[in-house]
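Trainee: First, the structure itself, so that you have it in front of you.
What follows is calculated from the coordinates using simple rules that are stated; it is not laboratory data. Keep in mind the model is a prediction, meaning the values are calculated, not measured. Cβ coordinates were reconstructed from backbone atoms using ideal geometry, including for glycine residues, and neighbour counts include every protein chain displayed.
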């Protein structure tokens, strides 16, 4: 299952995009978010001034935004504030919901850009790209890490044989275990072990190619709307 890191341009029309651009030395980390209605959401931010800026001014500007309400500072530390808030403009919530992709904290916002990581099936990751474009967000893919879940691809027998083959060094270069030696360890016919490995390798390769094809739909960059 792929894990991708996306950098999303929130745009100056977004309250958090505007606020984070006004305070470029301040880092906003969204630690929790829940939808209240289809349009409203509640969130919890950690706000840190990396440049030693005035965090009280940041909170005042947050309270003054028309789409943000019920702002409460839960903790005020040296160079950091923990802030709870409600908003009628929960950024990224709709795109994630429409793509069926779960929110994974933290989402870091700095200078008008949000950096988020998501772990989801490849088809939903591709759908997230479409949802972000539809919502008018520009974005780029910073990294994609692909993890194939063998348990969902291989049968129990195939998993057992592949695991033993790896442990025995069958896939090492040079090989530390021959097919005959592996068959002897497993107490199975050489032809049976060979066929089991071939089917397992085929299933893994097909899943890999399928996921890569779906990931191609996400693209390496995203434009705004119909750009």
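Trainee: What is the distance, in nm, between label points placed 7 Å from the Cα along the Cα-to-Cβ direction at residue 172 and at residue 80?
Mentor: Once both label points are built, they end up 4.5 nm from each other.
Trainee: In Å and on Cα atoms, what radius of gyration and Dmax does the stretch 150-213 show?
Mentor: 12.2, 39
Trainee: Using a basic spin-label model with each label point 7 Å from the Cα along Cα→Cβ, how many nm lie between residue 117 and residue 72?
Mentor: With each label placed 7 Å out from Cα toward Cβ, I get 3.1 nm.
Trainee: Let me make sure I get this right: for the stretch 1-86, a, b and c are the square roots of the gyration tensor eigenvalues over alpha carbons, sorted descending. Under 1.5 in a/c it's rounded, otherwise prolate if a/b > b/c, else oblate. Which is it?
Mentor: rounded
Trainee: A further question on this structure: Let me have the 222 nm mean residue ellipticity of the chain computed from DSSP H runs of 4+ only, each contributing -39500 (n - 2.57), with the sum over all residues rounded to the nearest 500.
Mentor: Numbers: 8 runs with 89 residues, N = 227.
It comes out at -12000 deg cm²/dmol, rounded to the nearest 500.
Trainee: Provide the FRET efficiency to the nearest 0.05 for the residue 156-residue 208 pair, computing r from the beta carbons and using R0 = 22 Å.
Mentor: 0.60
Trainee: Stretch residue 50-residue 18 to full length: gain in nm at 0.36 nm per residue minus the Cα-Cα span?
Mentor: On the way: separation 32, 0.36 × 32 = 11.52 nm, distance 1.80 nm.
Contour length minus Cα-Cα distance gives 9.7 nm.
Trainee: Roughly speaking, what is the stretch gain from residue 88 to residue 39, that is 0.36 nm per residue apart minus the C-alpha to C-alpha distance, in nm to one decimal? Kindly include the intermediate steps, with their values, before the conclusion.
Mentor: Numbers: separation 49, 0.36 × 49 = 17.64 nm, distance 0.59 nm.
Stretched fully, the residue 88-residue 39 segment lengthens by 17.1 nm.
Trainee: Something else now. Only one of the listed values, (i) 1, 7, 14, 19, 21, 17, 12, 6, 2, 1, 0, 0; (ii) 1, 6, 12, 14, 13, 10, 9, 7, 6, 6, 6, 5, 3, 1, 0; (iii) 1, 6, 14, 17, 17, 15, 13, 9, 5, 2, 1, 0, 0, 0, was derived from the coordinates as P(r) over Cα pairs in 5 Å bins from 0, in percent; which label is it?
Mentor: The value matching this structure is (ii).
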